[in-house]
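I have placed the structure first, in the form of C-alpha cells, so that the comments after it can refer back to it.
The values are calculated or read from the model by the stated rules, or taken from the named source; none is laboratory data. Since the model is a prediction, treat every value here as computed from it, not as a measurement. Ideal geometry is used to build each Cβ from the backbone, glycine not excepted, and the neighbour counts take in all protein chains shown. Remember, those area values only see protein heavy atoms, side chains included, never the ligands or the DNA or RNA. Shrake-Rupley method; radii C 1.70, N 1.55, O 1.52, S 1.80 Å.
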Amino acid sequence: MQNLASKMEERLPQELLSFLRLAGEVAQAQGQKLYLVGGVVRDLILGRPNLDFDLVVEGDAPRLARQLARASGEKVVVHHRFGTAKFHRGDLSIDLVTARSETYSRPGALPKVEPGEIGDDLFRRDFSINAMAIALSPASLGELVDPYRGRVDLEQRLIRILHQRSFIDDATRILRALRYEQRLGFQLEEATERLLREQKSMLDTISGDRIRHELELILKEEQPERILYRAEILGVLQELHPSLKGNGWLAEKFHQARRISPPDPALYLSLLLYRLTEEENERLLARLNIVGELGRNLRQVLRLKAELPSLADPALPRSGIYRLLKPYSPTAVTACSLASDSPIIRSHLELYLNDLRYVKSCLDGEHLMGMGVMAGPGLGRILEALLEAKLDEWVSTKEEEEAMVRQWLEEL
Ligand code: CTP
C-alpha cells in the first residue's frame, strides 16, 4: 500500500491539511470512512495545482458535513436531496459526497445512483488516473486506494478507461479523454483509443447541454486547438457536425485570438464555426442547444461574414464602416477580423474595434433642445448626423458641433 502523507505535507497548504485531518477524525468518530478522490489526487501526484477538492465518505455526507462545520467553524452548504455538501475557503472549494455506485439503464442516460463503498465509487469513474483515492481516516491517513493502477498510468502517461462499456455508458468521456490527453501531454492507451474510435457515434446519445458543457470545458483549456485537432483526427469532431474542422487554420486563428485578448470561449466558438454555412450552423446550434446571447452572437458571425465584401472598398468612409458594423457584437467583429484574409477588410474591422465604436458626439439631446431643436424624430436624425460628422472627422470639438447644428437649423 503506497502512502502519500508526505506528498500531502509537501504540496498542500498547512491550513488545508489541518482541515482534511479534522474531517477524517470527525468521520471516524461517526464511524464513517473519508477519502480524497478524483482529479485532485491525480494532480497531487503530478504536482499540478488544483483548487477543487472532492471528498467521498462511506456513509452519510450531510451528517458528516454538519458535524465538521461545527468542529471547524467553517460555513457549509448542504444539499440534502443530493446527499452533498460544499465548503468554501477562499479560492478553494471542498465538495463532500456520499460514496455511491452507479448503473446505467441505457447509453447516455443519467445513471441510477445508490450508496456504496469507495471501491464502487471509483469504479463509476472515467479513467484510471481519475479513479484513485487517498484515505483521510487517522489510522490510514495518506494511504492510496488505486484499484485500477492509476498511479502506473500516470507514470506511463496514459489515459485508460476502466472497462469496455465506459464510453457507451457515458460518451462525454470521449471528449473528456481528449481533454486530459492534451492537457497533460498523455496518450490514449491502445485499447482505449480503439474503443473510442469504434464507439464515437455514442456521442449521439448525449444531450445538447452536456455536449456543450464538455465543449466549453475544452475551450477553457490552455490550448484548445490541440484537443480539437485530435478530435478531428479521431473523427470525434465530425460527430458533432460533419463539416467541423480542427485543422491548422483553426490552430493559427486560436493563437492569434490569444495574442489580442485573454482566452474567450465565445470567440473560440465563433472561429470554430466560421467555416460552416448558415444552415450548417443552425444545425450545430440546435444540436448543442445554444440559445440566448451566445446563439445570437454566433449567428451574427456568419451574417457578418456574408457582409464582409462591402468592407473591401479602401475608400469607404469611417462613418460607413461604423454604420455597417454597429449592429454586430464585438465578438462577431473580432472573429471576422481574425478570420478574414483581406488586409483591407481586416484593417476596417480593426479600426471599428479599436476606435470607431468608442466615438461619441459632444452634444446630446438636451444640448440640442437648448439650441432650439424640437424633441422628436428630427432630433434623432441630427444626433446621427453629428455622430457621422464626428466619425468622418469634419468636427472634433463641442464648438464645432454647435456651429454645425446652427448651420443646419438656418438651412431648414
Ligand atoms: N468523473 C467521471 N466521469 C465524468 C465526469 C467526472 O468519472 N463524466 C469523475 C472523475 O473521477 C473526475 C471527477 O468525477 O476526476 C470530478 O469531475 P471533474 O471535476 O469534471 O474532473 P476533475 O478530474 O476534477 O477535472 P478537472 O481537472 O478538469 O477539473
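Applying 0.36 nm per residue to the separation of Gln67 and Arg183 and subtracting their alpha-carbon distance, the gain on full extension is 38.0 nm.
Among the trypsin sites (Lys or Arg not before Pro) in the stretch 319-412, those placed in a DSSP loop whose Cβ has at most 11 other Cβ atoms within 10 Å are Lys360. Pairs of Lys residues in the chain, spaced 8 or more positions apart or belonging to different chains, with C-alpha separations under 14 angstrom: 6 in total. Packing, as the average of other Cβ atoms within 10 Å across residues, places the peptides 232-241, 168-177, 100-109 in the order 168-177, 232-241, 100-109, highest first.
Output the 0 to 90 degree angle, nearest 10, between the alpha-carbon long axis of helix 377-391 and the longest principal axis computed from the alpha carbons of the chain. Value to nearest ten degrees: 80.
3J(HN,Hα) along the stretch 282-289, derived from phi through the Karplus expression 6.51 cos²θ - 1.76 cosθ + 1.60 where θ = phi - 60°, amounts to 4, 5, 5, 4, 5, 4, 8, 6 Hz, with x in place of Gly and Pro. Taking the chain as a Gaussian network, where each spring joins two C-alpha atoms under 10 Å apart, which residue of Leu64, Leu110, Leu203 fluctuates the most? The residue that fluctuates most here is Leu110.
Can you send over the carbon and sulfur percentage of the accessible area for the stretch 47-183, probe radius 1.4 Å, protein chains only? With neighbouring chains kept in place, the figure for the stretch 47-183 is 48 percent. Short-range pairs are left out: with C-alpha atoms under 8 Å and at least six residues apart, the relative contact order of the chain is 9 percent. Label separation (Leu16 vs Arg381): 6.5 nm, computed from points 7 Å beyond Cα along the C-beta direction.
In the assembled protein chains, His163 presents an accessible area of approximately 50 Å² (probe radius 1.4 Å).
Between Gln32, Gln14, Gln182, where does the largest GNM mean-square fluctuation fall for the chain, given springs only between Cα atoms within less than 10 Å? The residue that fluctuates most here is Gln14. Once the Cβ-Cβ distance of Asp264 and Leu316 is raised to the sixth power relative to R0 = 30 Å, the FRET efficiency obtained is 0.65. DSSP finds beta bridges in the chain, and of those with both partners inside it, around 75 percent are antiparallel. Note on Met374: accessible area approximately 150 square angstrom, rounded to 10, probe 1.4 Å, nucleic acids and ligands left out.
The string of couplings for the stretch 115-130 from the Karplus curve (6.51, -1.76, 1.60, θ = phi - 60°) is x, x, 9, 4, x, 5, 5, 6, 5, 7, 8, 6, 10, 4, 6, 9 Hz, one whole number per residue in order, with x for Gly and Pro. The label-point distance for Asp52 and Arg357, in a model that sets each label 7 Å from Cα toward Cβ, rounds to 3.1 nm.
Model label sites at Arg89 and Tyr104, defined 7 Å from Cα along the beta-carbon direction, differ in position by 3.5 nm. For Leu158, nonlocal amide neighbours, meaning residues 5 or more places apart or on other chains whose placed amide H falls under 5 Å from its own, are Gln187.
For the stretch 365-411, the share of accessible area belonging to carbon and sulfur comes to 54 percent (1.4 Å probe, ligands and nucleic acids excluded). Taking the Kirkwood radius as Rh and the Cα radius of gyration as Rg, the chain has a ratio of Rg/Rh equal to 1.13. With viscosity 1.306 mPa s and temperature 10 °C, the Kirkwood radius over alpha carbon pairs of the stretch 255-412 converts through Stokes-Einstein to a diffusion coefficient of 90 µm²/s. Computed from backbone phi with θ = phi - 60° and the Karplus coefficients 6.51, -1.76 and 1.60, the 3J(HN,Hα) list for the stretch 22-39 is 4, 4, x, 5, 4, 4, 4, 4, 8, x, 10, 10, 10, 9, 8, 9, x, x Hz; x is used for glycine and proline.
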